[in-house]
1. Regarding Glu62, is this residue modelled with pLDDT of 90 or more, surrounded by fewer than 17 Cβ atoms within 10 Å (Cβ to Cβ) and either touching an Asp or Glu at 6+ places or on another chain (Cβ under 6 Å) or closer than 30 Å to Lys168 by Cα (or both)?
2. Any residue that is among the charged types (D, E, K, R), modelled with pLDDT under 90 and within 30 Å of Ser181 (Cβ to Cβ) - is there at least one of those in the range 96-110?
3. Determine which member of the set Gly22, Gly70 is out of contact with any helix residue (DSSP H, G or I) (no Cβ under 9 Å at 6 or more places or on another chain) and not basic (Lys, Arg).
4. So Glu189 ticks every box in (1) more than 27 Å from Trp51 (Cβ to Cβ); (2) at pLDDT below 85 but one. Which box is left unticked?
5. Restricted to the range 1-43, and to residues that are free of Cβ contacts under 8 Å to residues at least 12 places away in the same chain and not in a helix (DSSP H, G or I), which residue is surrounded by the fewest Cβ atoms within 10 Å (Cβ to Cβ)?
6. Say whether the condition of being at pLDDT below 60 and either within 15 Å of Gly70 (Cα to Cα) or assigned to a loop (DSSP other than H, G, I, E, B) (or both) is met by at least one residue in the range 143-153.
7. Scan the range 106-114 and tell me whether some residue there is assigned to a helix (DSSP H, G or I) and hydrophobic (A, V, I, L, M, F, W, C).
Amino acid sequence: MDKKELWLQLRTYYFDHVVQPGLFDRIAAKFGNANPSYHAFAHKIARKHGWKTGFALRALNEYKKFIYLGLVSDFHVTPSKIIDVVWHEHLLFSKAYREFCDQVIHQPFDHFPELVPMEDQTGRFSAQYLDTIALYKKEFDLDPPVDIWGNTKFDQEQVKQNGFTSKKKETLGDSGSTYDSTPLYNHFESEPATSYPEFTGFGDGDFGGGGASGDFGSDSSSDGGGDSGGDGGGCSGGCGGGD
């Protein structure tokens, strides 16, 4: 599977696995027939964390990008605070998350949280976060949205001066990324921009749906509620392996 195929798998994944058998018709009746499980999952996250549903939908889209980056990188990526919240919510559906790894991305994608804050580990997560942001810009040819990915709280020069670097996958027994070095957006240059708005900065709604998605039961604004600043550090993700 090349980068384009991987991204198409992710962008058309609507979290159907999180819906328990027998509940799909009820979910569809409440949220409509267009990707009801996607909207139901976003609505659940929004209610739990005090976000608006439009913001939660955008966070789900950015979470897909984070997963993509973790799969194509040669280092362990680190999410923002908002992305980490979404990741944790996905992991809570343990069976659904296993099925997502097995059936959609076809490999494990493990979560490695920081157990005890230590300078060297925190510094490495800081470096990984900065590298994750840089990889996002390279692959999508866009700056990540600040309200979801945050302004990095780590001073890039300080990280470099202290000698912290991202932990490469091969140091954990993996072979690193097997994907080509061509950025993802280059694989879609011949496609209509309206079909893939995630490469133009207008991908706020469902991928493939175009435009911002409506809210269900709350304010339809796409702004997050509460603390929506996304600072990096604290955990990392990778394909198999572990510290």
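1. When the stated conditions are applied, Glu62 does not pass them.
2. Yes, some residue in the range 96-110 is among the charged types (D, E, K, R), modelled with pLDDT under 90 and within 30 Å of Ser181 (Cβ to Cβ).
3. Only one candidate qualifies: Gly22.
4. Unmet for Glu189, out of (1) more than 27 Å from Trp51 (Cβ to Cβ); (2) at pLDDT below 85: (2).
5. Per the criteria, the residue is Pro21.
6. yes
7. No, the range 106-114 contains no residue that is assigned to a helix (DSSP H, G or I) and hydrophobic (A, V, I, L, M, F, W, C).
The values are calculated or read from the model by the stated rules, or taken from the named source; none is laboratory data. All values reported here derive from a predicted model rather than from experimental measurement. Virtual Cβ from ideal backbone geometry, glycine too; neighbours counted across all protein chains shown.
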